[in-house]
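A quick write-up on the structure given underneath.
The values are calculated or read from the model by the stated rules, or taken from the named source; none is laboratory data. Computed from a predicted model, the values in this text were never measured in an experiment. Cβ: placed from backbone, ideal geometry, glycine included. Neighbour counts: every protein chain shown.
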Amino acid sequence: MSNTKTNMVLFLLFLVTLLLTMATPSISDTNSFVFGGCSRLKFSPGSSYETSVNSILTSLVNTATFTNYNNFTVPGTAASETVYGLFQCRGDLNNDQCSTCVARAVSQLGTLCFSTYGGALQLEGCFVKYDNVTFIGVEDKTEVIKKCGPSIGLTSDAFTRRDAVLAYLQTSDGTSYKSFRSTYSGDFQAVAQCTGDLSSSECQDCVSDAIQRLKIECGSSTWGQVYLAKCYARYTEGGVHSRGGNDDDNHNDDEIEKTLAILIGLIAGVALIIIFLSFLNKVCEKQRGGK
Ligand SMILES: *[C@@H]1O[C@H](CO)[C@@H](O)[C@H](O)[C@H]1NC(C)=O
Ligand SMILES: *[C@@H]1O[C@H](CO)[C@@H](O)[C@H](O)[C@H]1NC(C)=O
């Protein structure tokens with residue numbers, strides 16, 4: 001009996017290890033929330049506008065399975081009821097990661113911007129926006145969000161490397177224009193991205209603007225992010241993960257917290273199962289003793 005019990009416990013530990021290994025990708029940083037916003041006006045439930053919004057959002061989710069940028073327009077009964085929508089995935093995501101991200105963003109948008117005429121939501125890995133105002137192909141450098149890490153003061157050497165990655169991010173070599181750029185120098189990583197509806201010169205202008213603001217507003221911070229309406233630029237020092245410099249202290253802390261929470265939950269679960277098993281064992285022994 002105690003032998004089977006040991007085997008059971010070993011099997012459970014194996015399961016826990018397996019679960020933990022599987023759980024890691026699902027807490028990867030592509031799904032973390034960056035910002036979201038909704039228009040003030042609400043449409044009435046059951047209206048044709050609602051149908052159009054649902055149709056746009058469904059189209060965005062569906063096409064994200066094979067492309068990392070797309071736009072849609074659904075004409076309404078009146079011009080003011082036309083819905084425009086787009087999504088943009090981070091340039092280094094594959095189709096699976098992109099469609100997972102867009103599906104999640106759309107579902108969060110549905111909750112956050114319930115029945116509003118327009119809404120936009122940015123996760124680490126993708127951006128989704130819809131509105132009845134024409135915004136597709138329109139450059140927009142409105143600052144949406146800015147976050148700076150602790151300004152503990154970079155050494156002049158680190159400062160030089162930070163400015164070097166930002167300068168590299170800003171260069172566009174004309175022939176190979178990219179809406180997604182990522183680079184690193186030493187322990188500094190930087191990444192910039194435009195939505196696919198901007199022309200190369202608009203993208204260049206937007207990214208340059210974001211980088212200027214990063215330099216001014218995040219001064220000597222160890223990491224910084226500036227999101228404008230149609231592009232963003234961010235950098236980080238000493239990112240733990242190697243991909244594209246999309247991590248910062250906050251999110252690493254988040255991940256550690258999440259992993260800890262999962263671990264504690266699993267350990268508690270295993271403890272409960274062990275208690276339950278030994279209880280069963282006692283009951284069995286009692287029954288056998290009674291006969
Ligand atoms: C969007 O819809 C609202 C509510 O019907 C309307 O007031 C506004 O004029 C519309 N915007 C455009 C650009 O049509
Ligand atoms: C919007 O999508 C259409 C159809 O896919 C495409 O032809 C057009 O170039 C896109 N417009 C922009 C600004 O991306």
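Among the residues of the stretch 61-79, those that are under 13 Å from ASN94 (Cα atoms), in a loop (DSSP other than H, G, I, E, B) and either within 12 Å of ligand 2 (Cβ to nearest atom) or not aliphatic (A, V, I, L, M) (or both) comprise THR65, PHE66, THR67, ASN68. Taking every residue in the stretch 69-80 that is of a type in the set (S, T, N, Q) and pairing it with any residue that is within 16 Å of ligand 2 (Cβ to nearest atom) and assigned to a helix (DSSP H, G or I), at least 6 positions away or on another chain, the pairs with Cβ-Cβ distances below 7 Å are ASN70/LEU60; ASN70/THR63. Taking the criterion of being within 16 Å of ligand 2 (Cβ to nearest atom) and either buried (at least 21 other Cβ atoms within 10 Å of the Cβ) or not hydrophobic (A, V, I, L, M, F, W, C) (or both), the residues of the stretch 136-147 that qualify are GLY137, GLU139, ASP140. Cβ-Cβ contacts under 8 Å between residues 6 or more apart (or on different chains), taken from a first residue in the stretch 192-205 that is near ligand 2 (Cβ under 8 Å from one of its atoms) to a second residue that is of a type in the set (Phe, Trp, Tyr), are listed as GLY196/TYR69; ASP197/TYR69. Of the set (1) more than 16 Å from ligand 1 (Cβ to nearest atom); (2) buried (at least 16 other Cβ atoms within 10 Å of the Cβ); (3) farther than 20 Å from GLY37 by Cα, all apply to VAL74 but (1).
Of all residues being among the β-branched types (Val, Ile, Thr) and surrounded by 17 or more Cβ atoms within 10 Å (Cβ to Cβ) in the stretch 94-135, which is farthest from LEU228 (Cα to Cα)? Just the residue, please.
If we filter the stretch 94-135 for residues that are among the β-branched types (Val, Ile, Thr), which is where we start, we get 100, 102, 106, 111, 116, 128, 133-134.
Applying the additional criterion that residues be surrounded by 17 or more Cβ atoms within 10 Å (Cβ to Cβ) yields 100, 102, 106, 116, 128.
Details: THR100: 24, VAL102: 19, VAL106: 20, THR116: 22, VAL128: 14 Å.
Once the filter is applied, the top-ranked residue is THR100.
Any chance the stretch 92-108 includes a residue that's within 16 Å of ligand 1 (Cβ to nearest atom), of a type in the set (Gly, Ala, Ser) and modelled with pLDDT of 95 or more? Within the stretch 92-108, not a single residue is within 16 Å of ligand 1 (Cβ to nearest atom), of a type in the set (Gly, Ala, Ser) and modelled with pLDDT of 95 or more. Of the residues in the stretch 80-88, at least one is within 15 Å of the chain's Cα centre (by Cα) and closer than 16 Å to THR195 by Cα.
Would you check which residues across the stretch 144-165 are part of a helix (DSSP H, G or I) and without any contact (Cβ under 8 Å) to a residue 24 or more places away in the chain and list them? Across the stretch 144-165, the qualifying residues are SER156, ASP157, THR160. Of note, GLN88 satisfies the criterion of being within 15 Å of ILE56 (Cα to Cα), more than 16 Å from ligand 1 (Cβ to nearest atom) and not assigned by TED's automatic domain parsing to the domain that holds THR222. Of the residues in the stretch 60-67, at least one is buried (at least 16 other Cβ atoms within 10 Å of the Cβ) and under 16 Å from the mean Cα position of the chain (by Cα).
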